[in-house]
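The values are calculated or read from the model by the stated rules, or taken from the named source; none is laboratory data. Keep in mind it's a predicted model, so treat the numbers as computed, not measured. For neighbour counting, all protein chains shown are included, and Cβ atoms are generated from backbone atoms with ideal geometry for every residue, glycine included. Note: areas computed on protein heavy atoms with side chains; ligands, DNA, RNA excluded. Shrake-Rupley method; radii C 1.70, N 1.55, O 1.52, S 1.80 Å.
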Amino acid sequence: MKKTFTKKRSAFSLIELSIVLIIIGLLIAGVTGGASLIKSSELRSVMGEARGYSVAVNAFYTQYNALPGDFNSTLAYGTAGNGDNYIKYYDGTLSESANAWLQLKAIGAIDSITSITLVSAATAGPVYGSTAPASKIKSSGWIFSTLGGTNNYVVLTGPVAVATAAAEADTLATGALTPADALSIDSKIDDGIATTGKVVGNVIAAGNDAVSDSTTCYNTTTATYAARTERTCAVAYRVDVNS
């Protein structure tokens with residue numbers, strides 16, 4: 001009589017499938033958690049950079065009784081500013097922002113730029129790492145500005161275009177952070193309100209309202225940061241002396 005043999009089919013048991021699913025879940029959690037840690041580290045570095053440049057401005061003022069870039073005398077690098085106590089990004093004649101980085105480099109207060117040649121904002125925008133400090137945030141860096149007002153700020157911004165007319169950086173800055181990231185920074189070191197305090201947001205398209213415009217950092221009526229995922233915020237940190 002011919003014997004018949006039944007092949008035993010192998011398959012994952014419920015226990016094995018459960019273990020596989022647990023491992024996949026742990027991997028996903030690890031990747032997500034790692035991305036969150038990287039983001040937190042980047043935002044902490046932004047806060048550290050801003051504070052460092054504020055310290056540098058105060059150190060310069062202590063030494064010369066004037067603000068860098070605005071100082072109406074020449075140093076090893078840069079040229080003389082107009083001495084009006086404002087570090088303007090561009091006033092139609094000189095980029096005091098670019099001049100400020102050179103004067104801070106001249107006294108050894110910063111080492112985050114490599115260029116020692118003053119470039120007018122009407123000729124070229126800042127080159128991060130060369131004519132202006134780069135940030136840990138990708139494709140962004142730091143400039144000085146009054147934001148068209150009466151305070152001096154160091155501003156985290158994306159690429160800045162050539163100034164075609166006398167214009168402050170509030171009209172030239174571009175997005176470097178999402179509104180959520182800007183709020184995180186503002187809440188940690190200031191009041192969490194986009195228009196007041198030591199840290200302020202910068203509406204990229206001046207006059208727009210965050211409810212209706214995707215290029216806006218915050219709602220200009222309520223001063224609350226927008227619920228958006230685009231990089232629509234340039235964040236400014238006040239660097240007035242003893243501020």
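Things to note:
- Filter pass, T229 being modelled with pLDDT under 90, out of contact with any Gly (no Cβ under 9 Å at 6 or more places or on another chain), crowded, with 24+ Cβ neighbours inside 10 Å and polar (S, T, N, Q): no
- The set of residues in the range 76-108 that are surrounded by 24 or more Cβ atoms within 10 Å (Cβ to Cβ) and not in a helix (DSSP H, G or I) comprises G78, G81, I87, K88, Y89, Y90, S95.
- Looking at S112, S73, S130, S120, just one residue is part of a loop (DSSP other than H, G, I, E, B), farther than 24 Å from N202 by Cβ and open to solvent by 10 Å² or more (accessible area, probe 1.4 Å), and that residue is S73.
- Of all residues in the range 150-177 being within 14 Å of K198 (Cα to Cα) and part of a loop (DSSP other than H, G, I, E, B), the one that is farthest from the chain's Cα centre (by Cα): T150
- Residue list for the range 150-166, restricted to those being touching a Phe, Trp or Tyr at 6+ places or on another chain (Cβ under 9 Å) and surrounded by 19 or more Cβ atoms within 10 Å (Cβ to Cβ): N152, Y153, V154, V155, L156, T157, V160, A163
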